[in-house]
Each structure stands twice: as structure tokens, then as C-alpha cells.
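Here the structure comes first, spelled out in C-alpha cells, and everything after it is commentary.
The values are calculated or read from the model by the stated rules, or taken from the named source; none is laboratory data. In this text, all values refer to a predicted model and were calculated from it rather than measured experimentally. When we count neighbours, we look across all protein chains shown, and the Cβ atoms used for this are built from the backbone with ideal geometry, even at glycine. Note: accessible area is taken over every heavy atom of the protein model, side chains too, but ligands, DNA and RNA are not part of it. Shrake-Rupley method; radii C 1.70, N 1.55, O 1.52, S 1.80 Å.
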Amino acid sequence: MATKKRKTKNNFFYRRGQLQLSNVIGVVLGVSLVFALSAQYLSSKQISTPNTEQIDPTIQQHKKFIKTISPYAEQMQRQYNVLASISIAQAILESNWGQSGLSKNYNNYYGIKGNTSQPSKYMKTQEFVNGKWITITDSFRVYQSWQESMRDHSLLLVNGTNWNPNQYQKVLQSSNYKQAAVALYNAGYATDPGYPQKLTRLIEQYQLNQYDK
């Protein structure tokens, strides 16, 4: 009987050891499963993370604006030697991405002034005079399309003004967009002292010089 009891006791410890080992294996497998599921979840979250550029309507609107006007800007460069990057950057800056009242209502993308012999509209504008910004009312050209506005911009740079036909010749002679931006300001296209830097920043931010041929 004693032998039988010892065998029963050994069997008990043996079975208990089996249970303990099974529990350990179960815990290890459970932890491994948790880690695997967590990794899969994190991976799926990374894959499904939305691209900011894809959902930001402002970025999309800017890209659409550039895509719309860039082919015509390239055409103007071929015809009149006006750098496409300058044409696009000025259109962005002067029209606020085509959202200004002057551009939306009258297709004037370049803030080109008008006169009595041309279709024009009086509007308020800001000028930098004597070291400060002032608001004035001035006459601006009215166009049938933005393409007409871009062509008139190119012709202005080529033909100059009534009082100085060579006013923008240095813009056309510039070998790169940085020189052209400075030449525009020096020639009096805009009164804003930060005009060259603003154009350059736009060109570099959106890589507009890729359209220069």
C-alpha cells in the first residue's frame, strides 16, 4: 500500500507539473498573440494614415491653380521670353491664387492698371508710399479671360509703358527668376519693398522654375 501511495503522489506532482508547464506555454502564446495583433493594428494605422496634402482643400486649390495656368505661362515664355516662373508667381501673388475680387470678377490676375481707352473698373488697392501702406482707389483693366490677362502682362513687360518703352527690359534680360524678381521691383511694377522676396519664395516653395524652358 505504501508503494501505491508513493506512486499516486508522484503521479500527482507529475500531473501538476504538466499543468504548470501548460499554463506557462499558454501565457507565452497569449502574450505573443497580443504583440502580433498590436503590431498588425499599428501597421494598419500607419498604412491608413491620410496624406495631409490629399485632404487639405487649400493645398489642392493651389496645385490646381498652378496646373491650370502653367501651360499658358510656358507659351508666353516661348513667345515673349517672359520666364514662366515669374508669370505664375506674379499671378499667384497679385490675384491671391485667383481669389481676389479683381481676378474673380474681372479676370485681372496681375493688378494691371487701366485707362479711359480700355475697359476698366475702379477699385481700392494698397500702395507702399513714404515708408507706410496707404489705401487708394485706382483704375484696373477688365479682361474677358485670365489668358487675356496673362498675355497683356507679357506684352507690358515687352513693350513697356507709354512713358518708357524700355521700362521692363531688364526683366526680360534676366537669366534667372531671382534677377527677374528684383528687376520687376526696380522697374516700378510694385511698390511693396518685399515684392522680390515674395515672388522668390513662391517660386521656390512650389518649384515653379521647373516650368522655365
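For region 172-209 and region 50-104, compute the distance between their C-alpha centroids and round to whole Å.
The distance from the Cα centre of region 172-209 to that of region 50-104 comes to 15 Å.
What accessible area per residue comes out for region 99-213, rounded to a whole number of Å², with a 1.4 Å probe?
Here the per-residue accessible area is 59 Å².
Pulled fully out, how much extra length does the chain show between T191 and E74, if you take 0.36 nm times their separation in residues and subtract their Cα-Cα distance?
39.5 nm is the gain from fully extending T191 to E74.
Any chance you could list P(r) for region 132-213, counting all Cα-Cα pairs in 5 angstrom bins from zero, rounded to whole %?
3, 12, 18, 23, 24, 15, 5, 0
Can you tell me the Rg and Dmax of region 77-213, counting just the alpha carbons, in angstroms?
Final numbers for Rg and Dmax: 14.3, 39 Å.
Are there any chymotrypsin sites (Phe, Trp or Tyr not before Pro) in region 123-191 that are in a DSSP loop and have at most 15 other Cβ atoms within 10 Å? List them by number.
W163
With no solvent and one equal point scatterer placed on each C-alpha of region 94-146, evaluate the Debye formula and give log10 I(q)/I(0) for q = 0.23 Å⁻¹, two decimals.
For region 94-146 at q = 0.23 Å⁻¹, log10 I(q)/I(0) is -0.85.
What does the charge count around W133 come to, taking other residues whose C-beta lies under 11 Å from its C-beta (Lys +1, Arg +1, Asp -1, Glu -1)?
-1
Under 16 Å from a point placed 7 Å out from the Cα of F128 along the Cα-to-Cβ direction: which residues of region 72-111 have their backbone N that close?
Correct set: 90, 93-94.
Could you tell me what % of all Cα pairs in region 69-114 have separations over 14 Å?
Counting pairs separated by more than 14 Å, the tail of P(r) holds 48 percent.
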